[in-house]
Amino acid sequence: MTVTQEAEFAGLRALVTGGGAGIGAATIRALHARGARTAALDLDPTGAPEGALQIRVDVTDTAAVTAAVDRAADELGGLDIVINNAGIGAQGQVDANDDAEWARVLDVNVVSVARVTRAALPHLRRSEHAVVVNTASIASMLGLPERVLYSASKGAVQSMTLAMAADFVPEGIRVNAVVPGTANTPWVGRLLEKAEDPEAERRALNARQPHGRLVEPEEVAEAHCYLASPRNGSTTGVLLPIDGGMTTLRVRS
Ligand SMILES: NC(=O)c1ccc[n+]([C@@H]2O[C@H](COP(=O)([O-])OP(=O)(O)OC[C@H]3O[C@@H](n4cnc5c(N)ncnc54)[C@H](O)[C@@H]3O)[C@@H](O)[C@H]2O)c1
């Protein structure tokens, strides 16, 4: 089916976890601009763009997630798009985090993707344009220092994306992931605040990416929209890096 660009997301209903800040909020803005209706599921959804249905939920709580997804589907009149984007960081080498921290980070970053998608499936199965888009990270494609736990969690998100895409392709439900480089969000702001010399740390992060700057959340939002768009019905099982070339280019400094 051909869908015109102007009406790209008209009539479609999207749920965005972590939609209260950073990349998730930018994705909601981009979806609104293309005509979608949205729900932001977040620990603190009050930062979600105007017009989004705000649902306060912890993505580690199965009963609360099921209720939140059902409420979103109920109030939006169904669900076509699920953006699994909520996530948290973890720093340090392999001995830096104890079992409880491993369980906590994997619960938020990995199990939540299964939890939210599982709750959304009955609704997605009723959609003509069903799609799931996950937010992975270049940390899972490259060996970055002091990121063992975070990298493991995002590696799992990448693998789940491909496995779920294979499972659902016969049903016409697409599954993709964006793979962002370091992005200019409140998350990175918090990391910089903790650094001994925040300006030097920002310069180092900028220099790490071949295009010499952080990725803007709006650029990741564009990728979320591309992967979710009903215009791109053949796009499934795709891991799309938005990283200024960090995973693929070797430029001379
Ligand atoms: N910022 C980066 O450099 C970067 C790079 C690659 C990937 N990512 C990924 O992008 C996603 C969004 O990151 P961001 O930079 O916008 O982060 P952010 O901290 O700015 O926003 C994340 C949002 O997720 C919400 N959240 C966290 N834990 C939650 C929970 N248990 N239940 C519900 N909501 C929860 C937070 O309240 C927040 O609103 C994450 O999955 C992150 O791993 C970020």
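Every read-out reported here was derived from the displayed coordinates using simple, explicitly stated rules and does not represent laboratory data. Model, not experiment: these values are computed from the prediction. Note that each Cβ is placed from the backbone with ideal geometry, even for glycine, and that neighbours are counted across all protein chains shown.
Only one of Ala63, Ala7 is closer than 16 Å to Pro230 by Cα and surrounded by fewer than 17 Cβ atoms within 10 Å (Cβ to Cβ); which?
None of the others qualify; the one that does is Ala7.
Go through the range 40-78 and report how many residues are touching a strand residue (DSSP E or B) at 6+ places or on another chain (Cβ under 9 Å), within 18 Å of Ala30 (Cβ to Cβ) and more than 14 Å from the ligand (Cβ to nearest atom).
Final tally of qualifying residues: 3.
Would you be able to tell me the number of residues in the range 168-205 that are part of a loop (DSSP other than H, G, I, E, B), more than 8 Å from the ligand (Cβ to nearest atom) and either on the phi < 0 side of the Ramachandran plot or among the charged types (D, E, K, R) (or both)?
Residues flagged as part of a loop (DSSP other than H, G, I, E, B), more than 8 Å from the ligand (Cβ to nearest atom) and either on the phi < 0 side of the Ramachandran plot or among the charged types (D, E, K, R) (or both) within the range 168-205 amount to 4.
Which residue pairs have Cβ atoms closer than 6 Å, lie 6 or more positions apart in sequence or on different chains, and pair a first residue in the range 167-181 that is closer than 19 Å to Gln209 by Cβ with a second residue that is among the charged types (D, E, K, R) and surrounded by 22 or more Cβ atoms within 10 Å (Cβ to Cβ)?
So the pair list comes out as Gly181/Asp243.
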